[in-house]
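Working notes for the structure below.
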Amino acid sequence: MTTRSADEPSLNVMENITIVETHGLTKRYGSGVLAVDSIDMSVRRGEVYGFLGPNGAGKTTTLRMLLGLIRPTAGTATVAGHHPGEPVGLAQIGSLIESPGFYPYLSGRENLRVVADLASVNQKRVDEVLDIVELSTRAGRKFGTYSTGMKQRLGVAAALLKDPDLLILDEPTNGLDPQGMAEMRKLIKDIGQGERTVLLSSHLLGEVEQICDRVGVISNGKLVTQSTVQELLGEEGVLVRAQPIEQAQDILTRMYGAAAISRQDGAIRLKTKPENSVEINRSLTTAGIAVSELRPFERSLEEVFFQLTGEKQGS
C-alpha cells in the first residue's frame, strides 16, 4: 500500500492550484517531424500565462492537444481537471485558435447567437460578451465588413460565451495594426482579472512582457524555461562606461566581487542596486578614472529570449 507523506499535496490540492498540467506531452507527425517534444507545462489558476516562441516552435500544436483537437503521440495532459477533449472539461474552456471563423453575411450578434445555441448558452449572454469586448455598437454589422481587429474581438467574445474558467488564445494580436494590438492587450488584461485563467500563445516579446504573469518559452518543440516574467528578466544592476576600463573593472571587482561583474559591448555590467551608483562614481573618479556613462539596467525580455532559444537577434 502506498502512503502519501504529510508534505506531498493531494491530487485535489494540485487541481486547485493548476488548471493546465502536462507531462512529457509529445506530438510527432509521420516518422520525421517532431512538432512538440516532451513538454512539462504547468499553468496556475487565475494567472495570465504567455506561451512564447518563434513561429513554427510548436505553440499551436500544443494548444490543439490541450483542447483535444489532435491526439498526442505520447505523454499526458490535464486541462480544467479533465483529459483534453472531454465534454465536462470543454464546458469550462473558451478558445480562439488561429483565425476566428464566422458566417460573413450574418451580423456579429447573429453569429454569436448561433454559437450560443450550439453551446447551449442563454441568449442573454450574447449582449454581455459583446459589451466585454466593446463591440456592442457595431454588433449589427455583417461580419464580412469587420476589420481584422473587430473579427478578433468577436472571436474572443465567442470564446467568452460560456463564461469559462480557462481562456485559450492562439496569437490573438496576429494581423492587427499597432492600435489594434494595444486594444487587444488591454482586453486580455481586463479579461484576466479575478479568477479566470488566460493561456495565450505569442511570438511577440513586448506583448508577453506587458500582460503576462508567467511565461513558458518554447523553441523547436521543447519547453526551454518556465517562470515569472520578473524571474526571467533577472536581477537589476548598473551599467558603467569608463576609461581605462581594465582599471575600472579591477576597482569594481574589489568592491562587489568578480561574480557580480561582466563585460559586454565595451561596458561593465554590475549586479548591484542602482542606488549604489553614487558610491560607484565616487570610487572611480577618485581613482582618476573617467566615467562617461553610469545608469541602471535591466535585461530586456528580447535579450533573454534570444539567449534561451539560440535565435539570432534581428533574424
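The values are calculated or read from the model by the stated rules, or taken from the named source; none is laboratory data. Computed from a predicted structure; not experimentally measured. Don't worry about glycine lacking a Cβ; one is built from the backbone with ideal geometry, like all the others, and counts go over all protein chains shown. Heavy atoms of the whole protein, side chains included, go into the accessibility calculation; ligands, DNA and RNA do not. Shrake-Rupley method; radii C 1.70, N 1.55, O 1.52, S 1.80 Å.
Comparing THR272, LEU308, GLY192 along the charge dipole axis of the range 177-314, the residue lying farthest to the positive side is THR272, per the Cβ-charge model. Split the accessible area of the chain by element, probe 1.4 Å, and carbon with sulfur accounts for 48%.
Assuming R0 = 45 Å, what is the FRET efficiency of MET255 and ARG45, from their Cβ-Cβ distance, to the nearest 0.05? It comes out at approximately 0.50. Take the residue pairs LYS124/LYS162; LYS151/LYS186; LYS142/LYS162; LYS27/LYS162 and return only those whose Cα atoms are more than 18 Å apart. Going by Cα-Cα distance, LYS142/LYS162; LYS27/LYS162 fall outside the 18 Å limit.
Recomputing P(r) over Cα pairs in 20 Å bins from 0, in percent from the coordinates shown identifies the correct label among (1) 28, 46, 23, 4; (2) 33, 57, 10; (3) 27, 50, 21, 1 as (1).
Treating r as the C-beta distance of ILE245 and SER31 and R0 as 51 Å, the FRET efficiency rounds to 0.40. Averaged over its residues, the chain has an accessible area of 51 Å² per residue, based on protein heavy atoms and a 1.4 Å probe. Of the residues VAL291, VAL198, VAL121, which exhibits the maximal mean-square fluctuation in a Gaussian network model of the chain defined by a 10 Å Cα contact cut-off? Sorting by GNM fluctuation, first place goes to VAL291.
For the range 55-70, putting each phi into the Karplus relation 6.51 cos²θ - 1.76 cosθ + 1.60 with θ = phi - 60° gives couplings of 4, x, 7, x, 5, 5, 4, 4, 5, 5, 5, 5, 8, x, 6, 9 Hz, in residue order, rounded to whole numbers and with x for Gly and Pro. Segment ASN220..THR137, full-extension length gain: 25.6 nm, with 0.36 nm per residue of separation and the alpha-carbon distance subtracted.
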